[in-house]
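Each remark here refers to the structure printed beneath this line.
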Amino acid sequence: MHIKGTLLGLFALILLTFPVSGFALSLVGNPAASALGCLGCGGCLIPVVFFVLSVALLVWVAKDAKARGMDNSVIWMLVVFFLNLLGLIIYLFSRPKGELMSCTNCGNKRMQSSLKCPHCGIGA
C-alpha cells in the first residue's frame, strides 16, 4: 500500500509541475516559449493520461474475462482498445453475470457457478 501512495504522490507532483512550468514559460514573452508552455500545460499530458487509462482498461478486461472463464479475452481486449469507453460498455453488458470468488487452490478470481478454475483448472 505504501508503494501505491508513493506512486500517487509522484503522479500528483507531475500533474502540478506541468501547469506551473507552462505558466512560467508563457511569461517570457517569446512566442515559442509560450507555445511550449501551452504544450507543457496539457498538450503532452492529456495523451499520456489517455494512454495509461487505456492500458489499465485492457489489463482489467483481460483479468475479468479470464476470471469469468471467457475464451475470447483477446478479442474483448481489442474491442476495448479500439472503441475505448464504448467498447468497455459493450463488454460490461455482454460478459457473463455472476459473483466472483477466490479459488481455493490458486487464489485467483473465478465465477462462483463455474465447475473449475480457469486459471489452474482444479474443480470446485
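If you check residue 73 against the conditions, is it of a type in the set (Ser, Thr, Tyr) and surrounded by 14 or more Cβ atoms within 10 Å (Cβ to Cβ)?
Details: of a type in the set (Ser, Thr, Tyr): yes; surrounded by 14 or more Cβ atoms within 10 Å (Cβ to Cβ): yes.
Judged against the criteria, residue 73 is a match.
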Every residue from region 76-124 that is buried (at least 16 other Cβ atoms within 10 Å of the Cβ) and polar (S, T, N, Q): 114
Residue list for region 93-124, restricted to those being over 13 Å from residue 64 (Cα atoms) and of a type in the set (A, V, I, L, M): 115, 122, 124
Neighbours by Cβ (under 8 Å, 6+ apart or cross-chain): first from region 96-107, touching a residue at least 12 places away in the same chain (Cβ under 8 Å); second of a type in the set (D, E, K, R) and surrounded by 13 or more Cβ atoms within 10 Å (Cβ to Cβ): 96/68; 98/68; 100/68; 100/109; 100/110; 103/109; 103/110
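Laboratory data are not the source of any read-out in this text; all were calculated from the coordinates shown. Only a predicted model underlies this, so the values are computations on that prediction, with no experimental measurement involved. Here the Cβ is made from the backbone with ideal geometry for all residues, glycine too, and neighbour counts use every protein chain on show.
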